[in-house]
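Q: For reference, the structure I am asking about is given below.
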Amino acid sequence: MKRSNRTSDNGERGAVAVEFALVAPILIALIIAIVEFSNAYNIQVSVTQASREAARTMAITKDATKATTAGKAGAPSINSSLLTFDYSSATCPAATPGSTAVVTVKYSGSSLTGFFGPSLTVTGKGAMQCGG
């Protein structure tokens, strides 16, 4: 005599739905966190590259306008209007051999998803020996 499994199938369908409802929010939050972290990491790398390019140009030309242009060109993957450049430590006096031009670049913008907060602030610092 065969037994019918139809009654147990209906009960398992409900269990699967309940398990999915419990696990899905955790998986979605994990995916959003990975995307947000990778976006912040990409911005950090770009800001650091912008500060290096600005410091290199400042050490060679001693011109803040050229350094800002080079820094913005060094970070093409982000919105360059959100970058601020600080040249207060980037002086290259001719009388001091081996001095270092240090440029600090700050990025302030909105986060991608808002999962960790609405805004994102990243700072990068680049240094280059004066004279090239």
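The values are calculated or read from the model by the stated rules, or taken from the named source; none is laboratory data. These figures come from a predicted structure and were not determined experimentally. Methodologically, a virtual Cβ is constructed for each residue, glycine included, from the backbone with ideal geometry; neighbour enumeration extends over all protein chains shown.
Q: From the residues in segment 49-66 that are among the charged types (D, E, K, R) and either in a helix (DSSP H, G or I) or touching a residue at least 24 places away in the same chain (Cβ under 8 Å) (or both), which one is surrounded by the fewest Cβ atoms within 10 Å (Cβ to Cβ)?
A: 66
Q: Does residue 75 qualify as being closer than 21 Å to residue 125 by Cβ, at pLDDT 95 or above and not charged (D, E, K, R)?
A: The answer is no for residue 75.
Q: Within segment 30-38, is even one residue among the polar types (S, T, N, Q) and touching a residue at least 12 places away in the same chain (Cβ under 8 Å)?
A: Within segment 30-38, the first condition is being among the polar types (S, T, N, Q), and the residues that meet it are 38.
After this cut, where a residue has to be touching a residue at least 12 places away in the same chain (Cβ under 8 Å) as well, the list is none.
Scanning segment 30-38 turns up no residue that is among the polar types (S, T, N, Q) and touching a residue at least 12 places away in the same chain (Cβ under 8 Å).
Q: Here's something else I'd like to know. Take segment 77-99 and flag every residue that is loosely packed, with under 13 Cβ neighbours inside 10 Å and either part of a helix (DSSP H, G or I) or in contact with a helix residue (DSSP H, G or I) (Cβ under 8 Å, 6 or more places away or on another chain) (or both).
A: 77, 81
Per-residue answers, yes or no, for (1) at pLDDT 90 or above; (2) among the aliphatic types (A, V, I, L, M); (3) under 25 Å from residue 129 (Cα atoms):
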| position | (1), (2), (3) |
| --- | --- |
| 24 | yes, yes, no |
| 39 | yes, no, no |
| 54 | yes, yes, yes |
| 69 | yes, no, yes |
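Q: Taking segment 78-128 as the search range and keeping residues that are at pLDDT below 90 and β-branched (Val, Ile, Thr), which one is farthest from residue 54 (Cα to Cα)?
A: Selected residue: 113.
Q: Further, regarding this structure: Of 35, 102, 45, which residue is exposed (fewer than 14 other Cβ atoms within 10 Å of the Cβ), of a type in the set (A, V, I, L, M) and touching a Ser or Thr at 6+ places or on another chain (Cβ under 9 Å)?
A: Working: 102 fails: exposed (fewer than 14 other Cβ atoms within 10 Å of the Cβ); 45 fails: exposed (fewer than 14 other Cβ atoms within 10 Å of the Cβ).
Result: 35 is the single residue among 35, 102, 45 that is exposed (fewer than 14 other Cβ atoms within 10 Å of the Cβ), of a type in the set (A, V, I, L, M) and touching a Ser or Thr at 6+ places or on another chain (Cβ under 9 Å).
Q: Oh, and also: Return yes or no: is residue 113 hydroxyl-bearing (Ser, Thr, Tyr) and without any contact (Cβ under 8 Å) to a residue 60 or more places away in the chain?
A: no
Q: Tell me whether segment 110-122 contains one or more residues that are of a type outside the set (Val, Ile, Thr), in contact with a helix residue (DSSP H, G or I) (Cβ under 8 Å, 6 or more places away or on another chain) and under 24 Å from residue 59 (Cβ atoms).
A: no
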